[in-house]
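The values are calculated or read from the model by the stated rules, or taken from the named source; none is laboratory data. In this text, all values refer to a predicted model and were calculated from it rather than measured experimentally. Glycine gets a Cβ as well: all are built from the backbone with ideal geometry, and neighbour counts include every protein chain shown. Heads up: the accessible areas ignore ligands, DNA and RNA and are worked out on the full protein's heavy atoms, side chains in. Shrake-Rupley method; radii C 1.70, N 1.55, O 1.52, S 1.80 Å.
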Amino acid sequence: MPQPVHDFYQAMADRVGRSLADRDAEHQVVVQVGSATCEHAAGSQAVADELVRHIRASGRKDILLHRTGCTGRCSREPILGVRLPGRLPVKYERVNRDLVHRIFTEHIQGGTPVAQHVLDHEAGPLPERELLFCEGSRCHGSGPGPRERFAAMLAERGVSRESVRIGAASCFGACGLASDHLASAGPATYVLARPEKVLYRVTGEEDLAAILDGHLIGGQVVERLRAQEEPIALAFMERYGDVAFFNRQSRVALRNAGVVDPESLDEYVDMDGFKALADVLERRDPDWVIGELTKARLRGRGGGGYSTAAKWTMARKQADATRFIICNGDEGDPGAFMDRSMLESDPFNIVEGMIIGGFAIGAQRGFFYIRAEYPLAIRRIQQAIETCRAHGLLGRNIMDSGWDFDLEIRLGAGAFVCGEETALIRSIEGERGQPRVRPPYPTDRGLWDHPTVINNVETFANISAILRYSGDWYARLGTEKSGGTKVFALAGKVRHTGLVEVPLGTPLARVVNDIGGGVTGGRELKAIQTGGPAGGFIPASMQHMEVDFEPLQKAGSIMGSGGMIVLSEDDCMVDIAKFYIAFSQDESCGKCTPCREGTTRLLEILERITQGKGELSDLDKLERLARLCQRTSLCGLGRAAPNPVLSSLKHFRGEFLAHIVDRHCPAKKCVALIHYEINPEKCVGCTICARNCPVACIAGTRKEAHVIDQAACVKCGNCFDVCKFAAVDRV
Amino acid sequence: MTTCPHCPTDNWPELERGYRAMLPGDVLAFIDGNRDREHSESLLIATLHMVQDHFGHLGPGHLEAVAQLMQIPLAKVTGVATFYHYFRLQPRGRYLINVCLGTACYVKGAEKVAQKLMDELGIHFGETSKDGVFSLESTRCVGTCGLAPVVMIGEEVHGPLTPGQVPALLETYLARAAEEMAKV
Ligand SMILES: Cc1cc2nc3c(=O)[nH]c(=O)nc-3n(C[C@H](O)[C@H](O)[C@H](O)COP(=O)(O)O)c2cc1C
Ligand code: FES
């Protein structure tokens, strides 16, 4: 039987294999620079320019400058990676022009890494090789057992601990693979050997010994123990496995971020890109696709957590054969940026997910709806769409299958409500983005009244992985109710800000403390905000709960799209609740009264409280109004807008009472409730505060204690910030 | 295009010429290219984006020209232009400063940075400095929360910023503006 799609894919994969092999043969050294909005903001373009200059000046032709998307390690960008043949890849943090010069001369030319600038490197020499032990909770032999045993064996054989590093990592995703079940029964642990990039499956002490003697000492790959199938994030782990921030994550949706050049179709194909689509088009069985998604227990990542398989099924069984599929890239939650990163760093993956979705529901056209604030994401997706068209992956007769489908981009224009699906549809139609009553749901009557499926960017990012590695595999990564992983945008008062992808069911504390490095500045954790303006707060006392749709909801918050803001004892909960209500009030489209008026009145009351003019009856009013707004608003914006208020009232009522009864802001944040005083004991009379006071209300002469005129003070806090002797008190 | 099937005015050719003269060539080509497509009115927002990219804002004349050439009621065009925050109806300075007031930036002290910008420039949100170099706006998250607090100037993102760094940052843009002015 002829297999045109298979032949098409094979020809493409072969061409890519040859061209990349040629490229690698020419280049011994690979220098990698991130190229995404956040990397650019940190200065990665200047770094890349400087590198190009150095490479040119050196006359070397064997150095490849590889541009990738971003890994999501925001607070350490720009990141620069150097790969020399046979050595562990080295990543540098916060690179600037001067550092490029040092890295180029000392490391690339001289062969010695500049240790003190290596990403997340504490001290001491860099190891030459590394063995990473999977310690994911789902690996059969989880826990530090095999790793500690191996370390002990190393010591027995007198191998220096400095040259070989023994590390622990979260789930490689190998445990659920078919080959894992076919292989000999009994508990197994996976071990990744770097830089050889060999994955071993270890079941007992003899295996450990074989790796030690054969691989480490003998320098030979122990073929017998080699894992049969490459797990999903192997390429990522190979490059970033030594960094704790990364190796405690499980990367599925973000597997290619920071690994491939987002503008290169070849590199995406090299990571098994479009293999899933080829499989889908070869089988020509939409039910198989939906069946796998059902098994995967994939739930929408845009906030609601609705079953993707169920949504696709509903659209598919409509009588109307004109159907559309839409990718929701509006990312309205202020404080979330995972969708941007996926669009910028791995655009072909999202495109592939959408094509598969289009096939499964029987659509002819698809739309990307991307917010205009993301110009680079728009450019990358546009480029990916055009490249796919030019290579027979979009348009007519996709992959020689005889099936036609095309994609286009529509831009948002800065309206949060347009993330809501019915408003988004109105916006694509060229109208004001105001929601309408559901039902009918978009799967019945959506864009131009035809059946329409809308999914979030991250939902699409998972599709190709699920079909490639099976729904069962994906389901096993997650929990009973929700399969797979979730990407969180970790920001706020946390040491390591950035993108974190963990299996659903991971304890929150693990995300914030183990991966995020805990709260900044040695402060105490107060709460974790999830779900943005539609979500709520998880107090520090509940930080051990699992992240999943239901537990978060039970705690009075929601999963939302994945924004995770860490709040410390310096943050006032009343103030943050006010911040969110101000946001929702501003973004309310005005169509329905409960939302338009409700958010306005809620805001008024909260303002009163933060100004120290609140009354006890206000708390009652807040609650009643919030419930009313929840019950009677037209769309999800109004229905969810009161969540931050209710959730802060539930967990932090005491803070509201302090504002109202004691006229005191415990976090010392609300300007109306604090004032500044200079402690005469500590003040040395350096005059810096007086010089920085915008209203000249600080009196005092040099070497004498200064005094603030409280009547004139505008409480800007400049004096507090500039004093080097901690002599200014905020009370 | 000399006749318009939808509008029975006998002076349409003349009017059309006037409206065409108000919009740049790429926008005209975009409108013409889409006229016969199904659901061409859905490209209104895309068209407005192009016009704003070109002029920096959407003036009353631009809205009317778009309405006439796309054959969409002016009331609807105005309705759309005013609904979306991204569209600006007033001219703006050479550099648009967008202070992020998203959650991550807010908890990291974006308000102080915003205050400093207002003090330095002597303007509030929505205003343009006297020399016409800077306009100040606020936005909700530019997607670089990891660098909070951030300020976006043109298409460039700066962060993390402290109020103390604001004057120097403005200086670099002032110098750039002076350089560009000197060239023309
Ligand atoms: C006010 C409001 C804003 C929303 N914003 C977004 C958004 O920015 N991105 C998104 O994917 N979903 C957003 N949603 C959810 C969408 O309506 C829709 O449920 C989602 O895109 C479906 O995709 P999923 O099933 O893959 O999650 C929003 C919903 C509401 C009510
Ligand atoms: S909150 Fe400011 S960039 Fe996201």
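Of note:
- Averaged over the residues of peptide A:430-436, the number of Cβ atoms from other protein chains lying within 10 Å of each residue's Cβ is 5.
- Low-density loop cleavage sites - trypsin sites (Lys or Arg not before Pro) in the stretch A:669-731, where at most 13 other Cβ are within 10 Å (DSSP): A:682, A:702, A:703, A:724
- Fraction of alpha-carbon pairs over 21 Å apart in the stretch A:265-475 - percent: 49 percent
- In chain A, the ratio of gyration radius to Kirkwood radius, Rg to Rh, stands at 1.00 when only Cα atoms are counted.
- HN-Hα J in Hz across the stretch A:233-244 - Karplus 6.51, -1.76, 1.60, θ = phi - 60°, x for Gly and Pro: 9, 4, 4, 5, 5, 4, 8, 10, x, 7, 9, 4
- In terms of packing, defined here as the mean over residues of other Cβ atoms within 10 angstrom, the peptides B:142-154, A:43-55 line up highest first as B:142-154, A:43-55.
- Relative pair counts by distance (%), Cα atoms of the stretch B:12-83, 10 Å bins: 20, 61, 19, 0
- Carbon + sulfur, % of accessible area of chain A - ligands and nucleic acids excluded, 1.4 Å: 49 percent
- Largest-first principal axis extents of the Cα set of the stretch A:523-579 (Å): 29, 23, 16
- Under the Karplus curve 6.51 cos²θ - 1.76 cosθ + 1.60, θ = phi - 60°, whole-Hz ³J(HN,Hα) for the stretch B:147-157, x wherever Gly or Pro sits: 9, 4, x, 10, 10, 10, 10, x, 9, 9, 9
- Binning the C-alpha pair distances of the stretch A:243-286 at 5 Å intervals from 0 yields a P(r) profile of 5, 18, 20, 18, 16, 14, 5, 3, 1 %, listed from the shortest bin outward.
- Accessible area of residue B:9 (1.4 Å probe, protein heavy atoms only, ligands and nucleic acids ignored): about 70 Å².
- Magnitude of the charge dipole for the stretch B:95-183, about its Cα centre and with charges confined to Cβ atoms of Lys, Arg (+1) and Asp, Glu (-1), is about 240 debye.
- A DSSP coil position with no more than 13 other Cβ atoms inside 10 Å describes the following GluC sites (Glu not before Pro) in the stretch A:480-581: A:480, A:524.
- Interface A:B - total buried accessible surface [probe 1.4 Å, Å², rounded to 100]: 3800 Å²
- Sorted largest first, extent of chain B alpha carbons per principal axis (Å): 62, 38, 23
- Among the lysines of the stretch B:95-183, pairs that are 8 or more positions apart or on different chains and have alpha carbons within less than 27 Å of each other number 4.
- Counted as membrane-span-like here are DSSP H helices of chain A whose alpha-carbon atoms extend 20 Å or more along the helix's own axis and whose Kyte-Doolittle mean is -0.5 or above; these are A:44-58, A:347-361, A:375-390, A:573-587, A:593-610.
- Residues of the protein assembly as shown: accessible area per residue with a 1.4 Å probe, Å²: 39 Å²
- Under 5 Å between amide hydrogens, built in the peptide plane, is the criterion, and for residue A:227 it picks out A:199, A:200, A:201 among residues at least 5 positions away or on other chains.
- Each distinct pair of alpha carbons in the stretch A:675-730 adds a 1/r term; the inverse of their mean, the Kirkwood radius, is 10.7 Å.
- Carbon and sulfur %, accessible surface of the stretch B:95-183 computed with the full protein complex present, 1.4 Å: 53 percent
- Reference-scaled alpha-carbon Rg (2.2 N^0.38 Å with N residues) for the stretch A:574-660: 0.99
- Cut-off of 10 Å, at most 11 other beta carbons, DSSP loop: longest stretch of chain B lacking such trypsin sites (Lys or Arg not before Pro): B:38-129
- Per-residue average of Cβ from other chains inside 10 Å of B:39-49: 5
- Column: log10 I(q)/I(0), Debye, Cα scatterers of the stretch B:93-180, q = 0.12, 0.15, 0.23 Å⁻¹: -0.30, -0.47, -1.12
- Minimum 10 Å² accessible area buried by the other protein chains, the stretch B:108-149 residues, probe 1.4 Å, relative to alone: B:108, B:112, B:139, B:140, B:141, B:142, B:143, B:144, B:145, B:146, B:147
- Shielding of peptide A:332-342 by partners, expressed as the average count of other chain Cβ atoms within 10 Å per residue Cβ, is 5.
- Residues of the stretch A:409-424 buried by at least 50 Å² of accessible area upon assembly of all protein chains, compared with the chain on its own (1.4 Å probe): A:410, A:413.
- Sequence-distant residues sharing a close amide H with residue A:170 (under 5 Å, placed H): A:135, A:248, A:249
- Area of residue B:105 that stays accessible when all protein chains are in place (1.4 Å probe, Å², to 10): 0 Å²
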